[in-house]
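The values are calculated or read from the model by the stated rules, or taken from the named source; none is laboratory data. Not measured: the values here are computed from a predicted model. Here the Cβ is made from the backbone with ideal geometry for all residues, glycine too, and neighbour counts use every protein chain on show. Heads up: the accessible areas ignore ligands, DNA and RNA and are worked out on the full protein's heavy atoms, side chains in. Shrake-Rupley method; radii C 1.70, N 1.55, O 1.52, S 1.80 Å.
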Amino acid sequence: MEKIKIRNASLRKSFIYAICSTVAIVVLLSLVTIWSCLSFRKWLLPDSDEVFLNQTIVYADGTEKRSQMRVKLGDEEQQYPEIVAYEDGKEVIEPEKKIAKYSVDKIENSYTELTPKRKLAYGVTGAAMVGLPMMYSLVGILICAFWFYRKKLDMPIRILMGATENIVNQNLDFSVEYDCEDEMGALCTSFEKMRKALYENNRKLWGMIEERKMLQASVAHDLRNPIAIIQGYTEYLQLNLSAGKIGKEQMANIASNLSASAKRLDQYTNSIRDINHLEELEIAPMPNLLPDLLEEISDDFTVIAKAKGIEVVFENSAPHCRVMIDTQVFYRILENIFTNALRYAKNEISLSFTYENQNLITVVSDDGAGFTKKALHTEDRYIYTTEQSEEHMGIGITISRILCRKHGGTLSLANHSKHGAKVTIVIEALTVS
């Protein structure tokens, strides 16, 4: 049988692990990116500790002279050259100073001091601080989704699709195994249970169809003799009755034979009805003590056999225990098989009981001619009979086989070394305390 199997970790744990890992990686990359961009932008901008030192000198004649110098805070002790004016290479003697004013302007926006290239780099880093974290989030979601689907969903989905295709093609000879305690594992387990149920239902259905075919063939075979007898007598009466060639004694004999054939047809009809009812029969096991039940059955069969001069050899190796068994079904199975053995036995019928592996095994054998090769060839099927009587019509073994299956067992036919028939009955009988 083909096996579809996979082993994996928990779906929920894997999902949480994937999400947490993705979030952690995205946050870490975003922080590193933002920190790097801020550091780069800080490097691009002038030193924020620098200021503009403004000097305004008011002369005695009322004129003013302004000058500006870029200095760094904390460098107050540094000496700066005095601002003087030159004309034709000679220092211009300035008018007498009246007052000098000083002011400091803080550099509020250093961006204006950047070169065009640095301004472009500054803008790109600003966009990167916003765009890169968004890109990390999007790529992280895609990678997380792809990894989770690839590792946790892809294989079980393909397994279920393959299983579905097999079921559509009416192929149930496979199994679905997903050894994982997660939602997909539960789904695959449920699917496998459904497949087993379908397989079992199909097997039972085909078995029922096969049994129906065999039953129809068996019935057609068994009905042939009484119908032929009735047809033969009818034709005989049509040819000789009008001519007055049939006497009263002969007429009575014909009527008796027709009546016997009609009764046989009625018995066939009742047997077929019984088999149809078996399909609706429900097994009802009840606790029973094995030695008492088996001895009671053996006593009943011994009385029946003595009436026909047949000896019954009883062997019981079943232990003293209480088991679950439907006594009515079990008795009916044994009665059918024992009646069949009683019909063909010459002097002795052996009845033995054993109990193994929660199964009650019964073997019924006789010292008769045994089963024909045709009967043994139709093992596990309906039995064809060539010799008919009111007591046995070939339906008893069929009924017993159906009842054995309903009781969780089997019925098999064989011939033992003494050339007699041997029927082995196995039914499920669970031990109870």
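What FRET efficiency, computed as 1/(1 + (r/R0)^6) with R0 = 25 Å and r the Cβ-Cβ distance, is obtained for Ala369 and Lys248, rounded to the nearest 0.05? Show your work: numbers first, answer last.
Values: r = 40 Å, r/R0 = 1.61.
Calculated transfer efficiency: 0.05.
List the residues whose amide H sits under 5 Å from the amide H of Gly409, counting only those 5 or more places along or on another chain, with H placed 1.01 Å from N in the peptide plane.
Glu428
Which three extents, in whole angstrom, do the alpha-carbon atoms of the range 247-363 cover along their principal axes, largest first?
Dimensions of the range 247-363 along the principal axes of its Cα atoms: 66, 38, 18 Å.
Given the range 137-197, report the % of alpha carbon pairs whose separation exceeds 19 Å. Before the final figure, lay out the partial values.
Numbers: 716 of 1830 pairs.
Percentage above 19 Å: 39.
Net charge around Ser14, counting only other residues with Cβ within less than 10 Å of its Cβ (Lys, Arg = +1; Asp, Glu = -1)?
Working: positive: Arg12, Lys13, Lys151, Lys152; negative: Asp182.
Its environment carries a net charge of +3.
Just grab the label-to-label distance for Asn54 and Ser103, each label 7 Å out from Cα along the Cβ direction, in nm (one decimal).
About 0.3 nm separates the two model spin labels.
Can you give me the distance in nm between label points at Cys20 and Met69, each placed 7 Å from the Cα along the Cα-to-Cβ direction?
Output for this residue pair reads 6.3 nm.
Give me the three principal axis extents of the range 294-345 from the C-alpha atoms, as integers in angstrom, largest value leading.
34, 20, 14
Could you do me a favour and compute the accessible area per residue for the range 102-210, 1.4 Å probe, result in Å²?
Ligands and nucleic acids excluded, the result is 68 Å² per residue.
Can you figure out the FRET efficiency of Thr302 with Ser433, using R₀ = 22 Å and their beta-carbon distance, to the nearest 0.05?
Numbers: r = 32 Å, r/R0 = 1.44.
Efficiency at R0 = 22 Å is approximately 0.10.
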